[in-house]
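The values are calculated or read from the model by the stated rules, or taken from the named source; none is laboratory data. None of the values given here were measured: they were computed from a predicted structure. When we count neighbours, we look across all protein chains shown, and the Cβ atoms used for this are built from the backbone with ideal geometry, even at glycine.
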Amino acid sequence: MGEIQALRGTRDILPEEIGYWQWVESVARSLLTKAAYQEIRTPIFEMTSLFERGIGEATDVVGKEMYTFLDRGDRSITLRPEGTAGVVRSLIEHGLHTQGGVQRLWYTGAMFRYERPQAGRQRQFHQLGVEVIGSADSRADAEVIVIATDILQRLGLKSLQLYLNSVGNVEDRQHYRQALVDYLTPYKDELDPDSQDRLGRNPLRILDSKDERTQRIVTNAPSILNYLGPSSQRHFEQVQQLLSDLGIDYQLNPRLVRGLDYYTNTAFEIQSGDLGTQATICGGGRYDGLVAQLGGPDIPAVGWAIGLERLILLLQQLQSAPKPELDFYIISRGDAAQAQALRLAYRLRHAGFSVELDLSGSAFKKQFARADRSGAIGCLILGDEEAENQTVQLKWMVSKAQQAIAQDDLVSMTNDLRHQLDNFTAR
RNA sequence: GCGAGCGUAGCCAAGUGGUUAAGGCAGUGGAUUGUGGUUCCACCACUCGGGGGUUCGAGUCCCCUCGUUCGCCCCA
């Protein structure tokens, strides 16, 4: 096709859908603000080396999914594939951690990954994420998880499943990795080709393979939970205890492995059964080594990210898009009336009402039809007669009751109007 | 990067080699003068994603290409 269109894996969020986005953002913002999280906005592109060092060169995200290119100064830059690396970079660069205490941050924005689009996956997608930097306390893990479940619950999402695991610290993982390779090697020929490949490079990832035969073999593989050292063990137990205390349902899944190298100890995912194959809507965990790895001090952190497209896919299955309310729709005919209508709209908006002005100048019948479709609660009518008398007809769309009111009176009877609007909205 | 399906108007969609490409939604105009969600009428694709081929003849068959969807990989 020669026409200009949105690039593969990108899409427009049209007005009919935007209500979901605004709703999610407002719920999240209000909850996060109440938990003393502060919003941070970082650039959408960064030096490529930030992601290579932060996410890990062996990961698929870095190895084959990054939007990387040279700018005009021959610098290698990359459109951010996730949010954490940039936030941590910013924290270090501005010394936020030196301002004392724990940094509680949240962000939302577009992320980019060069992959084949499919259900719940796009090249440009959006995440909402939080990072708690500067605390190794298991309460930080628990806090971050409650906030995630709280946001999802407030949005009306039920039947989500929280999976919890610990991937231990670097040493624990080393030991476990060896044990896993020892276990899997005899079965090598029976594994699916992808997993055979990963046996040498990234054996942990074999654990969540979707291949049935591989899954059967993996069923009896050693569990990472048996390889956690004392401190990892204790941390994990505390997190579980705290979640139970909070009344949060979770399911241990020792085969849960996350794709980014920086995770340590706690790892979790929130999944939905209604999303097809991309079931994870929220993924996160602890990343105690990342800040140091990016050149900052050795401070611990936990966080998560929610995939907003996936979240909104679920919301769309549950309810129709929230629509903006419209108080008044103004129709008019005739030069004087049309001019007055514009002014009336302006004055009513200043009085706090939402007002749409019909610009068509077509027959009243047509304008009424549009008023109806607009969903406005009240319709204001200005014709030659009203223009002459400086009045306006106010018609309540539901009851069809109509009365003439002086334009000046209308604007000053704010409370009365508000009261009537509320009555009609309540029904 | 690999595999499979699909591509007809803004949207949904019939059509499976043969005269003028159904229908629905939306939209626009009208059913006598300024009152809506119902009804009725009219208009709304020289063209079937693009290119090439087979054929007397192609939206319908073949090839290429682009796009899209679902899946694998991976992840939010």
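No other residue among A:Val167, A:Val132 is at pLDDT below 95, within 24 Å of A:Gly56 (Cα to Cα) and not aromatic (Phe, Trp, Tyr) apart from A:Val167.
Being touching a residue at least 24 places away in the same chain (Cβ under 8 Å), touching a strand residue (DSSP E or B) at 6+ places or on another chain (Cβ under 6 Å) and closer than 17 Å to A:Leu326 by Cβ is not true of A:Gly352.
If a residue counts only when it is within 11 Å of RNA strand B (Cβ to nearest atom), which helices (runs of 4 or more DSSP H) contained entirely in region A:192-247 have at least 2 such residues? Don't jump to the end; show me each part of the working.
On the way: elements: A:193-201, A:212-219, A:230-245.
Once the helices (runs of 4 or more DSSP H) in region A:192-247 are filtered for at least 2 residues that are within 11 Å of RNA strand B (Cβ to nearest atom), what remains is A:193-201, A:212-219.
With respect to the conditions (1) over 30 Å from A:Tyr37 (Cα atoms); (2) assigned by TED's automatic domain parsing to the domain that holds A:Thr59, A:Val218 falls short on a single one, namely (2).
Can you give me the number of residues within region A:413-427 that are touching a residue at least 12 places away in the same chain (Cβ under 8 Å) and over 15 Å from A:Leu326 (Cβ atoms)? Let's see the steps before the verdict.
In the first step, residues of region A:413-427 are kept if they are touching a residue at least 12 places away in the same chain (Cβ under 8 Å); the result is A:414, A:417-418, A:420-421, A:424-425, A:427.
Subsequent filtering for residues that are over 15 Å from A:Leu326 (Cβ atoms) retains A:414, A:427.
Selection size over region A:413-427: 2.
Within the option set A:Ile377, A:Ile381, A:Ile405, being under 11 Å from A:Ile331 (Cα atoms) and not small (Gly, Ala, Ser) holds for one residue only, A:Ile381.
Rundown of residues vs (1) of a type in the set (A, V, I, L, M, F, W, C); (2) not assigned by TED's automatic domain parsing to the domain that holds A:Glu39, yes/no style:
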| site | (1), (2) |
| --- | --- |
| A:Glu131 | no, no |
| A:Ile145 | yes, no |
| A:Ala148 | yes, no |
| A:Gln174 | no, yes |
| A:Gln178 | no, yes |
| A:Leu199 | yes, yes |
| A:Arg213 | no, yes |
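From the list A:Phe364, A:Phe328, the one residue that fits, being over 30 Å from A:Asp261 (Cα atoms) and in contact with a Lys or Arg (Cβ under 7 Å, 6 or more places away or on another chain), is A:Phe364. So in region A:83-138, with the set limited to residues that are in a helix (DSSP H, G or I) and polar (S, T, N, Q), which one is surrounded by the most Cβ atoms within 10 Å (Cβ to Cβ)? Result: A:Thr84. For region A:361-375, the candidate set comprises residues that are near RNA strand B (Cβ under 8 Å from one of its atoms) and surrounded by 14 or more Cβ atoms within 10 Å (Cβ to Cβ); within that set, the residue that is nearest to A:Leu421 (Cα to Cα) is A:Ala371.
Within region A:284-312, the set of residues being more than 20 Å from A:Ser232 (Cα to Cα) and near RNA strand B (Cβ under 8 Å from one of its atoms) comprises A:Ala305, A:Ile306, A:Gly307, A:Leu308, A:Glu309, A:Arg310, A:Leu311.
Looking at region A:299-320, can you tell me whether even one residue there is in a helix (DSSP H, G or I), of a type outside the set (Ser, Thr, Tyr), surrounded by fewer than 15 Cβ atoms within 10 Å (Cβ to Cβ) and at pLDDT 90 or above?
First, the residues of region A:299-320 that are in a helix (DSSP H, G or I): A:308-318.
This time we only want the ones that are of a type outside the set (Ser, Thr, Tyr), so: A:308-318.
Remaining after also requiring surrounded by fewer than 15 Cβ atoms within 10 Å (Cβ to Cβ): A:316-318.
In the following step, the residues that additionally are at pLDDT 90 or above were identified as none.
The answer is no; no qualifying residue exists.
Filtered by the rule that a residue be within 16 Å of RNA strand B (Cβ to nearest atom) and either closer than 22 Å to A:Val62 by Cβ or not in a loop (DSSP other than H, G, I, E, B) (or both), region A:252-264 gives A:Leu256, A:Val257, A:Arg258, A:Gly259, A:Leu260, A:Asp261, A:Tyr262, A:Tyr263, A:Thr264. Cβ separations smaller than 6 Å between residues 6+ apart or across chains give the following pairs from region A:30-58 residues that are under 15 Å from A:Tyr262 (Cβ atoms) to residues that are assigned to a helix (DSSP H, G or I): A:Leu50/A:Ala85; A:Leu50/A:Arg89; A:Phe51/A:Val62; A:Phe51/A:Ala85; A:Glu52/A:Val62; A:Gly54/A:Ala85; A:Ile55/A:Val61; A:Ile55/A:Val62.
Evaluate the following for A:Phe353: is it among the aromatic types (Phe, Trp, Tyr), assigned by TED's automatic domain parsing to the domain that holds A:Arg418 and in a helix (DSSP H, G or I)? It is false that A:Phe353 is among the aromatic types (Phe, Trp, Tyr), assigned by TED's automatic domain parsing to the domain that holds A:Arg418 and in a helix (DSSP H, G or I). With the condition kept exactly as written, say whether any residue in region A:148-168 is in contact (Cβ under 8 Å) with a residue 12 or more places away in the chain, among the aromatic types (Phe, Trp, Tyr), touching a strand residue (DSSP E or B) at 6+ places or on another chain (Cβ under 6 Å) and closer than 28 Å to A:Gln271 by Cα. Yes; the residues of region A:148-168 include at least one that is in contact (Cβ under 8 Å) with a residue 12 or more places away in the chain, among the aromatic types (Phe, Trp, Tyr), touching a strand residue (DSSP E or B) at 6+ places or on another chain (Cβ under 6 Å) and closer than 28 Å to A:Gln271 by Cα.
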